[in-house]
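Participant: Following this message is one structure expressed as C-alpha cells.
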Amino acid sequence: MEYKVGVISGDGIGPGVVAEAKKVLDHVGEKYGHTFCYTEILMGGVSIDATGEPLTDEAIEQAKASDAVLMGSIGGNTQTSPWYQLPPNLRPEAGLLKLRKALNLFANLRPAYLYEELKEACPLRDSIIGDGFDMMIMRELTGGLYFGERETKEIDGVMTAKDCLTYNENEIRRIAKRGFDIARKRRNKVTSVDKANVLDSSRLWRKVVEEVAEDYPDVTYEHMLVDNCAMQLVKDPKQFDVILTENMFGDILSDEASMVTGSIGMLSSASLNDTKFGLYEPSGGSAPDIAGKGIANPIATILSAAMMLRYSFDLDEEASAIEQAVKQVLKDGFRTIDIMPQDESEKQWVTQIGTKDMGNKICERI
C-alpha cells in the first residue's frame with residue numbers, strides 16, 4: 001500500500017526527531033510492503049521566515065491532500081526569538097491553531113504510559129507508582145477558551161483583557177463519544193473532568209457527557225473537578241484510564257501527566273477529525289536550547305508515527321512492531337540524555353546515545 005504523509009518538520013529539534021520517525025516508517029514499509037510518500041509542509045517559525053506567515057493557505061491545502069500529517073515541533077525561545085516580537089496572530093503557535101481549525105481536528109489523544117525500564121525517571125515514590133500506570137487523555141481541541149472571542153481595550157481608563165469560553169452541546173457530544181469509544185478499546189473507564197461547581201460551560205459539559213454515557217453501558221464513568229484531577233494525577237495516577245476534558249484543562253493536565261512519566265520526550269499524541277485523518281506529533285516543545293546538538297529524544301515522534309499507522313492507516317501490526325521495538329531498546333539499556341538515570345549506581349547499566357543512534361536502534365529491533 002502507498003500512503004501520502006504530510007510532514008511538518010518545524011523548528012528547533014523538530015527536523016531532527018522527524019527525520020528519525022521517517023527512518024522508522026521507511027523501515028516498517030520495507031518489512032511489511034508499504035510505501036510512504038512524504039510532502040514537506042512549512043509551518044511555524046520556518047514558515048514565518050519564508051513567507052511572513054506561520055501557516056499559508058497553500059500549506060493547508062497540502063495537509064488536506066495528505067492521508068495524515070506527521071509533525072515535529074514549532075516555535076522558538078519566547079524571550080529572544082524575533083518571531084515573538086510579532087502580533088499574536090503571526091507567531092508560530094498561531095499556525096498550529098489555524099491548522100487544527102482548518103482540518104477540524106477536534107479530538108486530541110495523549111497517552112501517558114510509564115515504562116518499566118524508566119521507573120527511576122518518575123518523580124513519584126515507588127509506593128505511588130506501584131506496577132505502573134497507563135492513561136489516555138482525551139482533550140477537546142477546537143473549542144473553548146483558546147478559540148473564543150477575545151479583546152484587550154481600555155475601559156474607564158483601565159486596560160482590560162477579555163477571553164470568552166464557549167462550548168455548544170454538539171462540540172461536547174462528539175468528543176465525549178470519541179472518549180467512550182477509546183475507553184472500549186482500553187479498560188472501559190472514563191473520567192470526565194470539568195469545573196461544574198463554577199462554570200456554565202462545565203455544567204453543560206457534564207450534562208452532555210451523562211447523555212452520551214447512556215449509550216455505553218459497558219463503560220463506567222465518573223465526574224471529577226479539574227483541581228481535584230490535578231491532585232489525583234500525582235497522588236494516584238493508576239486510577240485513570242481515559243481522562244475526557246475540554247481544551248484548556250486538557251492542555252494543562254496532559255503536560256502534568258507527561259512529567260509524571262519522567263520525560264515529555266517519551267510521549268506521543270494524535271489529533272483526529274471525523275474521518276481517518278489525523279495530525280501526529282510529540283507532546284514536547286521545540287527545545288531550541290538543544291536544537292542541532294543531536295541529543296534530542298526522538299521516541300515521542302517515533303511513537304506518534306506508530307499512532308498514525310494505527311489510527312489513520314489501520315496498520316495495527318506495524319504500529320505494535322514499532323512500540324515493541326521501543327520497549328526493547330529501553331530494555332537493552334539505551335537512553336538519550338533526558339531519560340538517563342540520575343542515580344550514579346544505575347548509570348553503569350545503561351548507555352547514553354544520541355538522536356540518530358536511537359532511531360537506528362529502534363529500526364534494528366523491528
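The values are calculated or read from the model by the stated rules, or taken from the named source; none is laboratory data. These figures come from a predicted structure and were not determined experimentally. Cβ placement follows ideal geometry from the backbone for every residue including glycine, while neighbour counts extend to all protein chains displayed. To get the accessible areas, we keep the full protein, side chains included, count just its heavy atoms, and leave off ligands, DNA and RNA. Shrake-Rupley method; radii C 1.70, N 1.55, O 1.52, S 1.80 Å.
Participant: If I filter region 303-328 down to residues being touching an Asp or Glu at 6+ places or on another chain (Cβ under 6 Å) and aliphatic (A, V, I, L, M), which single residue comes out as farthest from Leu267 (Cα to Cα)?
Facilitator: Leu309
Participant: Provide a single number: the residues in region 29-64 that are without any contact (Cβ under 8 Å) to a residue 40 or more places away in the chain and either under 22 Å from Arg310 (Cα atoms) or not in a helix (DSSP H, G or I) (or both).
Facilitator: Residues meeting the conditions: 14.
Participant: Go through (1) at pLDDT below 95; (2) surrounded by fewer than 16 Cβ atoms within 10 Å (Cβ to Cβ); (3) over 25 Å from Cys122 (Cα atoms) and name the single condition Glu317 misses.
Facilitator: Just one mismatch for Glu317, condition (1).
Participant: Just for region 79-94: of the residues that are more than 18 Å from Ala287 (Cβ to Cβ) and part of a helix (DSSP H, G or I), which one is least open to solvent (accessible area, probe 1.4 Å)?
Facilitator: Ala94
Participant: Right, another one. Do you know which residues across region 130-168 are over 21 Å from Asn104 (Cα atoms) and touching a helix residue (DSSP H, G or I) at 6+ places or on another chain (Cβ under 7 Å)?
Facilitator: Within region 130-168, Gly130, Gly132, Phe133, Met135, Asp163 qualify.
Participant: If you check Ser320, Ser286, Ser271, which single one turns out to be assigned to a loop (DSSP other than H, G, I, E, B) and of a type in the set (S, T, N, Q)?
Facilitator: Being assigned to a loop (DSSP other than H, G, I, E, B) and of a type in the set (S, T, N, Q) holds for just one of Ser320, Ser286, Ser271, which is Ser286.
Participant: Moving on to the next point. Can Leu118 be described as out of contact with any Gly (no Cβ under 7 Å at 6 or more places or on another chain), among the aliphatic types (A, V, I, L, M), open to solvent by less than 50 Å² (accessible area, probe 1.4 Å) and under 28 Å from Val326 (Cβ atoms)?
Facilitator: For Leu118, the condition - out of contact with any Gly (no Cβ under 7 Å at 6 or more places or on another chain), among the aliphatic types (A, V, I, L, M), open to solvent by less than 50 Å² (accessible area, probe 1.4 Å) and under 28 Å from Val326 (Cβ atoms) - is not met.
Participant: What is the residue count in region 337-352 for residues that are out of contact with any Gly (no Cβ under 7 Å at 6 or more places or on another chain) and either open to solvent by 100 Å² or more (accessible area, probe 1.4 Å) or not basic (Lys, Arg) (or both)?
Facilitator: 10
Participant: Which count do you get for residues in region 198-244 that are touching a residue at least 12 places away in the same chain (Cβ under 8 Å), among the β-branched types (Val, Ile, Thr) and either open to solvent by 30 Å² or more (accessible area, probe 1.4 Å) or in a helix (DSSP H, G or I) (or both)?
Facilitator: Number of matching residues: 6.
Participant: Where the second residue is surrounded by 19 or more Cβ atoms within 10 Å (Cβ to Cβ) and the first is on the phi > 0 side of the Ramachandran plot and lies in region 100-124, which pairs have Cβ atoms under 9 Å and are six or more apart or on separate chains?
Facilitator: Filtered contacts from region 100-124: Asn104/Thr142; Asn104/Phe277.
Participant: Now a separate question. Answer yes or no as to whether Asp126 is over 17 Å from Val208 (Cα atoms) and either modelled with pLDDT of 95 or more or of a type in the set (Ser, Thr, Tyr) (or both).
Facilitator: no
Participant: Now for a different question. Tell me the strands (runs of 3 or more DSSP E) entirely within region 109-197 that contain at least 2 residues that are more than 23 Å from Asp227 (Cα to Cα). Write out each step before concluding.
Facilitator: On the way: elements: 134-140, 150-155, 158-163, 189-194.
Of the strands (runs of 3 or more DSSP E) lying wholly inside region 109-197, those with at least 2 residues that are more than 23 Å from Asp227 (Cα to Cα) span 150-155, 158-163.
Participant: Let me ask you something else. Being in a helix (DSSP H, G or I) and open to solvent by less than 30 Å² (accessible area, probe 1.4 Å) is the filter here, so list the residues in region 8-28 that pass it.
Facilitator: Hits for region 8-28 are Gly14, Val17, Val18, Glu20, Ala21, Val24, Leu25, Val28.
Participant: Oh, and also: Any idea which of (1) open to solvent by less than 20 Å² (accessible area, probe 1.4 Å); (2) under 21 Å from Val242 (Cβ atoms); (3) without any contact (Cβ under 8 Å) to a residue 40 or more places away in the chain is the one Gly148 doesn't satisfy?
Facilitator: Only one criterion in (1) open to solvent by less than 20 Å² (accessible area, probe 1.4 Å); (2) under 21 Å from Val242 (Cβ atoms); (3) without any contact (Cβ under 8 Å) to a residue 40 or more places away in the chain is unmet by Gly148, namely (2).
Participant: Moving to a separate point now. Pairs only if they're at least six apart or on different chains, beta carbon under 6 angstrom, first in region 334-347 and at pLDDT 75 or above, second assigned to a helix (DSSP H, G or I) and surrounded by fewer than 18 Cβ atoms within 10 Å (Cβ to Cβ); list them, first residue then second.
Facilitator: As it stands, the answer is Pro341/Glu120; Pro341/Lys347, since those pairs meet every condition given.
Participant: I've got another one for you. Hey, among the residues in region 129-143 that are of a type outside the set (A, V, I, L, M, F, W, C) and at pLDDT 95 or above, which one's surrounded by the fewest Cβ atoms within 10 Å (Cβ to Cβ)?
Facilitator: Among them, the one singled out is Glu140.
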